[in-house]
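Data block below; observations after.
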Amino acid sequence: MAASTIRVLGAGIVGLAIADELLRRGHEVEVIDPAPGSGASFAAAGMLTPTGELWHGEEAVHRLGRASASLWPDFAARLGVPLRTGGTLLVAADHGDRQLVDRQVALARAIGEPVVELGRRELVGHEPRLGRVVGGALLPDDHSVDPRAVVAALLERVPVVAAPSAGDPAVTVVATGTALPPAYSALVRGVRGEILRLHADAGDLPDRTVRAWVHGEQVYVVPRAGGEVVVGATQQEHAGAPVVTVEGAWRLLDSARRLLPGLDRAELVEATARDRPGTRDNLPLIGPTHEPGVVLAAGHFRHGVLLAPLTAQLVADHLEHGHVEPAVDPRRLLHAPSPEGTR
Ligand SMILES: Cc1cc2nc3c(=O)[nH]c(=O)nc-3n(C[C@H](O)[C@H](O)[C@H](O)COP(=O)(O)OP(=O)(O)OC[C@H]3O[C@@H](n4cnc5c(N)ncnc54)[C@H](O)[C@@H]3O)c2cc1C
């Protein structure tokens, strides 16, 4: 290994996007992962929805998400992976759900995001396959991508090995999702997400992502070319391995079939559970640690697909110019080492 080699631990969407960016900039890179693409990136729905995900007090998450969303068209084009760009529908099944949609619309408006409120008729005009609904909104700038296609395209460009070669790298970038090395493991917790994949006839597929509240239950349905429909996702703090539970699958299916009754005809193809890498403040960890030569790119929680191209740029910019984005600086959550000689 050359003394200038950058080692990337982890070949999920984050590690691979970083490695791809570093290779493009002419660096020598070694990516290590015994099971590339098998973590949270394997489960992800691929929504690029900074506004749909907007929440109170999380303006920084949104700002980063919108910045990364603007990088996606070029990133996807370079990888030869299509983006689905019809926007995202927010849908309310009853009047209680309507309040939840209204709250999301107000949050979006407050930060100047475009949002088009839709009455029941207009909503059904946009998506005639909807069942009983009372209204909703269109988020015209929130799109989607197939993360498995992205990971496959990145794996064609980025060589990955199962174990490190001899010698020390110049820098190690840790992009191992929820599985951080012991010194950092307390920074990230696993938040289980269960998600289903169906196969439907073209006539039963919605035209764009539908994010809905169905009698208080949240569900999203993401269509893909070729008939795949992704139905997600549960969210649960837990200590054990991520598994698909009967309750999780039932809740998702119950809400999805009320929302889009044509999905009753779809084939249930896959049920998957993975842990999202959550941090204390729901912001990722991107940048230096107090350990020389160790950079983190982890903790992307619900937004790792959306944030992958921005993360790649931030890591490469940091390695080349020392730049650190304060909102995601891992040192905000790390204790500084005690000065020498003091205890
Ligand atoms: C159900 C679900 C739905 C989601 N939907 C979306 C969505 O719509 N949009 C969005 O933006 N995000 C979504 N997410 C979040 C997104 O999936 C994650 O934020 C993202 O995949 C994190 O990517 P990563 O590369 O950091 O981690 P991972 O994909 O988990 O990859 C980590 C990799 O590290 C490897 N690894 C582990 N330990 C080691 C080690 N010691 N050495 C080397 N390699 C190691 C693993 O094998 C794995 O390949 C969703 C997540 C879930 C669970």
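The values are calculated or read from the model by the stated rules, or taken from the named source; none is laboratory data. This one's a predicted model, so the numbers in the text were calculated from it and none came from an experiment. Every residue, glycine as well, gets a Cβ built from its backbone with ideal geometry; the counts of neighbours run over all protein chains shown.
Structural remarks
- Boolean, Pro181 is modelled with pLDDT under 95, surrounded by fewer than 16 Cβ atoms within 10 Å (Cβ to Cβ) and in a loop (DSSP other than H, G, I, E, B): no
- Within the stretch 123-155, the set of residues being assigned to a helix (DSSP H, G or I), under 21 Å from the mean Cα position of the chain (by Cα) and surrounded by fewer than 21 Cβ atoms within 10 Å (Cβ to Cβ) comprises Arg148, Ala149, Ala152, Ala153, Leu155.
- Scope the stretch 45-77; condition in contact with a Gly (Cβ under 7 Å, 6 or more places away or on another chain) and aliphatic (A, V, I, L, M); matching residues: Ala45
- Test: residue in the stretch 112-122 that is surrounded by fewer than 22 Cβ atoms within 10 Å (Cβ to Cβ), in contact (Cβ under 8 Å) with a residue 12 or more places away in the chain and at positive phi: no
- For the stretch 241-268, the tally of residues that are within 15 Å of the ligand (Cβ to nearest atom) and either farther than 22 Å from Arg132 by Cα or surrounded by fewer than 19 Cβ atoms within 10 Å (Cβ to Cβ) (or both) stands at 8.
- The set of residues from the stretch 109-122 being in contact with a strand residue (DSSP E or B) (Cβ under 7 Å, 6 or more places away or on another chain) and in a helix (DSSP H, G or I) comprises just one member, Arg120.
- Of all residues in the stretch 26-41, those satisfying the criterion of being in contact with a strand residue (DSSP E or B) (Cβ under 8 Å, 6 or more places away or on another chain) and within 6 Å of the ligand (Cβ to nearest atom) are Ile32, Asp33, Pro36, Gly39, Ala40.
- Ala212, sole failed condition from (1) more than 30 Å from Pro169 (Cα to Cα); (2) within 13 Å of the ligand (Cβ to nearest atom); (3) crowded, with 23+ Cβ neighbours inside 10 Å: (2)
- Residues of the stretch 173-199 satisfying the condition of being hydroxyl-bearing (Ser, Thr, Tyr) and within 10 Å of the ligand (Cβ to nearest atom): Thr176, Thr178
- Of the residues making up the stretch 135-170, those that are over 29 Å from Gly65 (Cα atoms) and either at pLDDT 95 or above or not hydroxyl-bearing (Ser, Thr, Tyr) (or both) are Val161, Ala162, Ala163, Pro164, Ala166, Gly167, Asp168, Pro169, Ala170.
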